[in-house]
Amino acid sequence: MVVVTSPEKNVSADLKSRLIGPIILLGPPGAGKGTQSRELVARYGIPQISTGDILRDNRARGTELGKQAEKLMDRGVLLPDQFVSDMVADRLRHADCARGFILDGFPRTIPQAKWLDEFLAGCDASTAVVVKLDVDYNQLLRRLAGRRTCPTCGRIYNVNFQPPRVPDACDIDGSKLVARKDDSEEVISARLKAYEKETLPLADYYRASGRLREINGDQPVERVTAEMFGAIENDRV
Ligand code: AMP
């Protein structure tokens, strides 16, 4: 019997068993970190760790951690470094992070980046690949104002650029899409300011150690995904 195998299938099976290591997605709110994380999860079989998602989940469940975070989150202000780093440390100890993981929304300050370097020192493949998604400021405003998320499967839509097939309903499971509370005009501006002031300096931090890969995030989603895979696999695979 002749077994015909697709090369792409072999590649993806192989990628799902390799040591990938940490991947950090850097970029302003609305740059597409969440959307691109989902592509990375599917290709490499490693988990996405979004600090924003962990916090929103805690809020939805009414945990103590969620209650402590809600006021600052609703104002678009960053939470204290120690608070977020402790949360990430808990998550990184789970067994599913052993082959690698995707950090989306962390680190967001220089102290968080330094903490992460120390935390990862000594792990296998401790050097992170840092992918920065660059998107024009006005485009970010349009993306954030139109963003809608499926509360069931987490898929992200945009009413202007990537609308669902049926208005307000998820293509996959039909759930009613929701807008994030902090995607209101006033809070968006606070979040973008926090990014410029606290997070943008991380680009220099990672550039200095040769870890930064910059991608134009103002292109069709598939193009951004392809460039991101290329950047990661050049370094790692
Ligand atoms: P995000 O979904 O990544 O935009 O995060 C939503 C909100 O959660 C932010 O505006 C912050 O208030 C908080 N947050 C998420 N990640 C961090 C972080 N790494 N450091 C501080 N605050 C964070």
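Just so it is clear, none of the values below were taken in a lab; they were calculated from the coordinates. From a predicted model like this one, the values you see are computed outputs, not experimental measurements. Backbone-built Cβ (ideal geometry, glycine too); neighbour counts: all protein chains shown.
Summary table
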read-out	value
Dipole of the chain, positive end: most advanced residue of Thr152, Leu133, Leu55 [Cβ charges, Cα centre]	Thr152
Amide proton proximity set for Leu212, modelled H, under 5 Å, gap of 5+	Arg207
Per-peptide average of other Cβ atoms within 10 Å, ordering 137-145, 168-176, 32-40 highest first	32-40, 137-145, 168-176
Proximal lysines relative to Lys33, as straight alpha-carbon distance under 17 Å, when same-chain residues fewer than 8 apart are discounted	Lys132
Gap separating the Cα centres of the stretch 165-217 and the stretch 37-75, nearest whole Å	13 Å
Cβ-defined net charge surrounding Leu212, 10 Å radius [Lys, Arg +1; Asp, Glu -1]	+2
Over the chain, relative contact order from alpha-carbon pairs under 8 Å, at least 6 apart, %	27 percent
Within the stretch 136-237: Cβ-based charge dipole about Cα centre, in debye rounded to nearest 20 (Lys, Arg +1; Asp, Glu -1)	200 debye
Helix-only [θ]222 nm of the chain, DSSP H runs n ≥ 4, -39500 (n - 2.57) each, per residue, nearest 500	-14000 deg cm²/dmol
When the stretch 113-237 is reduced to its Cα atoms, the Kirkwood hydrodynamic radius in Å	16.9 Å
Added length on full extension, which subtracts the Cα-Cα distance from 0.36 nm per residue, Ser189 to Asp204	3.1 nm
The chain: mean projected area of Cα convex hull, nm²	14.6 nm²
In order through the stretch 207-217: 3J(HN,Hα) via Karplus (6.51 cos²θ - 1.76 cosθ + 1.60), integer Hz, x for Gly, Pro	5, 4, 9, x, 9, 8, 10, 9, 10, 6, x
Long pairs among Lys16/Lys71; Lys16/Lys67; Lys114/Lys176; Lys176/Lys197; Lys71/Lys197, criterion Cα-Cα beyond 32 Å	Lys16/Lys71; Lys16/Lys67; Lys114/Lys176; Lys176/Lys197
